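Worksheet for the structure shown next.
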Amino acid sequence: MGRTENGASARERLLAGAIAHVSEHGVGEISLRAMAAALGTSHRMLIYHFGSREGLLIEVIRTVEEQQRMALATILEDADMPPAEIMRRMWARVADPALWPNERLFFEVYAQALQGSPHALPLLDGIVDAWVEPLAALVAPDRAKDEARAEARLGVAVVRGLLLDLLATGDREAVDAAMERYISAIAPASRA
């Protein structure tokens, strides 16, 4: 696949543009043709690289999720940072209003996948497990692997549930308080 001047492939450039578009405008009922126009390309190029509108949206979701996992890995590089502070920093990052359009898209396509919509089913591949390993190392590094993985899975559920609450209610203060309560429970002061 050809590279552009900055080293990005056409697919990577289109994907980055789609992520930026979703971040700024959301998705709504935008057609593939309208998305292509917004990205300065043709709908045929989007079909070539992503298969369909839904394929493009799933790649947007996967890429944003990967960016968040990379952010967590960067935060985890500070070995001296207490787990509670790591959790607070990661929460601040994922609860940032700049990510809300991407998170709305995530929950929309996630719900479609859970309803069995064929175009959305690929999203379910690794949607929880991709987070479990890095979080297991954070929330329960001194516990048995199965227990650490259970703690991590709980963390994924709590964060996603609170993000859904935040998007539905807009009550940042209450949702932040709930997250702080969770952090206090999972990373007690003795470990924080």
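Summary table below
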item	result
Additional length obtainable on full extension of the chain from Leu164 to Ala150, 0.36 nm per residue less Cα span	2.9 nm
Angle in degrees between helix 53-76 and the longest Cα principal axis of the chain, rounded to the nearest 10	30
Rounded to 10°, Cα long-axis angle of helix 172-186 versus longest principal axis of the chain	50
Nearest-ten-degree value, helix 145-169 long axis tilted from longest Cα axis of the chain	60
Cα gyration tensor, the stretch 90-192 - rounded (a/c under 1.5), prolate or oblate	oblate
Cα gyration tensor shape for the stretch 120-176, rounded if a/c is under 1.5, else prolate or oblate	oblate
Portion, in percent, of the accessible area of the chain that falls on carbon or sulfur, probe 1.4 Å	55
Label-point separation, Glu173 to Leu124 (7 Å along Cα→Cβ), nm	4.0
q = 0.08, 0.16, 0.18 Å⁻¹, the chain: log10 I(q)/I(0) [Debye, one scatterer per Cα]	-0.31, -1.06, -1.24
Rounded, prolate or oblate (a/c below 1.5 giving rounded, otherwise prolate when a/b exceeds b/c) for the stretch 81-143 by Cα gyration tensor	oblate
Residue-normalised accessible area of the stretch 64-192, expressed per residue, 1.4 Å probe, Å²	53
Under 5 Å, built H, 5+ apart or other chain: amide partners of Ser9	Thr4
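The values are calculated or read from the model by the stated rules, or taken from the named source; none is laboratory data. This one's a predicted model, so the numbers in the text were calculated from it and none came from an experiment. Positions of Cβ are backbone-derived with ideal geometry, glycine not excepted, and every protein chain shown enters the neighbour counts. Just the protein is used for accessible areas: all its heavy atoms, side chains included, with ligands, DNA and RNA removed. Shrake-Rupley method; radii C 1.70, N 1.55, O 1.52, S 1.80 Å.
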